[in-house]
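Asks: Structure incoming, see below.
The values are calculated or read from the model by the stated rules, or taken from the named source; none is laboratory data. Remember, predicted model here, so these are calculated numbers, not experimental data. Here the Cβ positions follow ideal geometry from the backbone for every residue, glycine too, while neighbour counts run over all protein chains shown. These accessible areas exclude ligands, DNA and RNA; they are computed on the full protein's heavy atoms, side chains included. Shrake-Rupley method; radii C 1.70, N 1.55, O 1.52, S 1.80 Å.
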Amino acid sequence: MKTLSLSALEDNLWDIIGVQSEPTFLFLDDRPLTQGAFLRTVAYGHPYFGKARFYCVGLGYQNLAHRLMPLEKAGLIHVEFLEKEPENLKNVIAISSNPSHPVYNVSICIEGEGNQDIQDEDYQGAWECLSLYGKPLEQFALSEPRAVDVHPRDWRYLGPSKDLRAYDAIQDELRLALSHNEGELCPKESFSAILDALKGKKVDPKEFYRALRSCYEYPCLLRDMASFQHDTWCLRTLCFHASPESKASMCVSYPMLLMKELPKYQGKNDEEAFSIDILYSDFLVPLWYLRKLVR
């Protein structure tokens, strides 16, 4: 049995999941530390393909059922709340806060909160990139990389930094799309502006934003990545936001989000659309990842 803090679980979760596209987690008790581990695996353990399954033993999880219901409806997770430990589960990642619990193939005992600071290049990159959201259109450009700094852990940024590991699964496909202007990465007419921005060249903010807008309704790798980014935002928001009900209208599947948001931008010029646009924020972390590939 491996002993980890909650912060160490966050940092090592993708290595724990490994190559499993649909990992199964079993939470063997409903103590606060184990419930914290449950929320972190839900929020940060979403693979690029497939979805995770969660089995939770104990009545203490019932108060989370309503909170996470939108995730079930969107098909992002499957949760079952159990009164006792199941007998027929195999190949699970078992987590508890009691070292005397039965040992499974992968068994983790959670011991304390751990380090609440994080110093990581990917975390810094996600933090820098998402800081673009909310700036005026005339300032819209990919931020330059900065020296890695120490940040307090924050669910807004830890999730995106972990998502960069997920994109490694399609890295070869992305490299090929970046080297050939065939429309796989983004619409052909937008490729030049996006590639120049990724390379750090000076691109007119309106042209850059217009290029991203062209991806909203065009099936391409960038939109696939934005869709995944939206899914992970929903997971983190429903797990950790202080008032998740205030975000309920946005915690829907990506196709549903497009149906709700795209009519708001129709007929509006770049400045008008940008001021109310929430869709482009899902492209920021994928763009940061692509920037690392072209440099």
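Asks: First compute the accessible area of the range 1-118 with a 1.4 Å probe, then give the percent of it belonging to carbon and sulfur atoms. It would help to have the intermediate numbers written out before the result.
Replies: Values: 2810 of 5680 Å².
After summing per-atom areas, the C and S share lands at 49 percent.
Asks: Also: Considering only protein heavy atoms and a probe of 1.4 Å, how much of the accessible area of the range 139-207 is carbon and sulfur, as a whole percent? Could you put the intermediate results ahead of the total?
Replies: Working: 1700 of 3750 Å².
Heavy-atom surface of the range 139-207 belonging to carbon and sulfur, 1.4 Å probe: 45 percent.
Asks: Which of the lysines could be linked to Lys73 by a straight reach, that is with a Cα gap under 27 Å, when you skip same-chain ones fewer than 8 residues away?
Replies: Lys51, Lys84, Lys90, Lys162, Lys247, Lys260, Lys264
Asks: Now a separate question. Leaving out ligands, DNA and RNA, and with a 1.4 Å probe, what % of the accessible surface on the range 253-295 is carbon or sulfur? The partial results should precede the final answer.
Replies: Values: 1110 of 1870 Å².
It is 59 percent, rounded to a whole number.
Asks: Under the rule a/c < 1.5 gives rounded, and otherwise a/b versus b/c splits prolate from oblate, where does the range 1-64 land using the Cα gyration tensor?
Replies: Details: a/c = 1.96, a/b = 1.33, b/c = 1.48.
Oblate, since a/c reaches 1.5 and b/c is not below a/b.
Asks: Report ³J(HN,Hα) in whole Hz for each residue of the range 77-84, in order, from the Karplus equation J = 6.51 cos²θ - 1.76 cosθ + 1.60 where θ = phi - 60°; Gly and Pro get x.
Replies: Those phi angles translate into 9, 10, 10, 10, 9, 10, 7, 9 Hz.
Asks: Here is a follow-up. Just the number: Rg to Rh for the range 41-95, Cα atoms, Kirkwood Rh, two decimals. Please report the intermediate quantities before stating the final value.
Replies: Values: Rg = 11.7 Å, Rh = 12.3 Å.
Ratio of gyration radius to Kirkwood radius for the range 41-95: 0.95.
Asks: Once you have a ≥ b ≥ c as the square roots of the Cα gyration tensor eigenvalues for the range 199-295, tell me rounded if a/c is under 1.5, and otherwise prolate or oblate according to whether a/b is larger than b/c. Intermediate values should be presented prior to the final figure.
Replies: Values: a/c = 1.90, a/b = 1.29, b/c = 1.47.
Since a/c reaches 1.5 but b/c is at least a/b, the shape of the range 199-295 is classed as oblate.
Asks: Still on this structure, please answer the following. Under 5 Å between amide H atoms, partner at least 5 residues away or on a different chain: which partners does Leu26 have, H built in plane at 1.01 Å?
Replies: Distant-sequence amide H within range of Leu26: Tyr55, Ile93, Ala94, Ile95.
Asks: Using Cα centres only, tell me the gap between the range 179-255 and the range 147-171 in whole Å.
Replies: 16
Asks: Right, next: List the GluC sites (Glu not before Pro) within the range 1-102 that DSSP assigns to loop and that have no more than 15 neighbouring Cβ atoms inside 10 Å.
Replies: Working: sites: Glu10, Glu72, Glu80, Glu83, Glu87; in loops: Glu83, Glu87.
Passing both the DSSP loop test and the Cβ count: Glu83, Glu87.
Asks: So, for the range 35-102, what is the accessible surface per residue at a probe of 1.4 Å, expressed in square angstrom? Please report the intermediate quantities before stating the final value.
Replies: Values: 3270 Å² over 68 residues.
Result: 48 Å² of accessible area for each residue.
Asks: Please list the helices of the chain that count as membrane-span-like by this rule: a mean Kyte-Doolittle hydropathy of at least 0.0 together with Cα atoms stretching 20 Å or more along the helix axis, each helix being a complete DSSP H run.
Replies: Answer set is 221-240.
Asks: Given a 1.4 angstrom probe, what's the average accessible area per residue across the range 167-288, in square angstrom?
Replies: On the way: 5500 Å² over 122 residues.
Dividing the accessible area of the range 167-288 by its residue count gives 45 Å².
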